[in-house]
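Nothing in this text is a laboratory measurement; each read-out follows from the coordinates by a stated rule. As the structure is a prediction and not an experimental result, all values here were calculated from the model.
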Amino acid sequence: MGKLSTPDWILKGKEKPKEKKSKEKTFNLRRCPKCSSDNVGIVLTGEEGKSAREWECKKCKWHGKNIGEEELTEDEFMKYLDDKEEPVA
C-alpha cells in the first residue's frame, strides 16, 4: 500500500470544499417489502403509544422494522401520483 498524500486544500490553507447538495426537492416513499404496497403505517407501542419501532402494511398485514424506502424527485413523485390517480391538493 502506498503513502497517502495531503489534499491540496490543506497545503494551500483553504477551506475544505463543500459537497454540493441537490437543491431539488425530494420525497420519501415507503413501501412494504413483502407486497410493494405504499399503504404502510407506523405501529405505536408501549405506554400510551410513546414507542414506534415497527411498520405495518395495511394491505398484506406484514409487520416488521425493515421498510423499503425510495427517494423521488418532485417530477418523479408527481408522475407516481398521476399513475396512482391520487388527487393533488
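Excluding same-chain neighbours fewer than eight residues apart, the aspartates and glutamates reachable from residue 65 by a Cα-Cα span under 17 Å are 38, 54, 56.
Of the Cα atoms belonging to segment 25-84, the radius of gyration and Dmax stand at 13.3, 41 Å.
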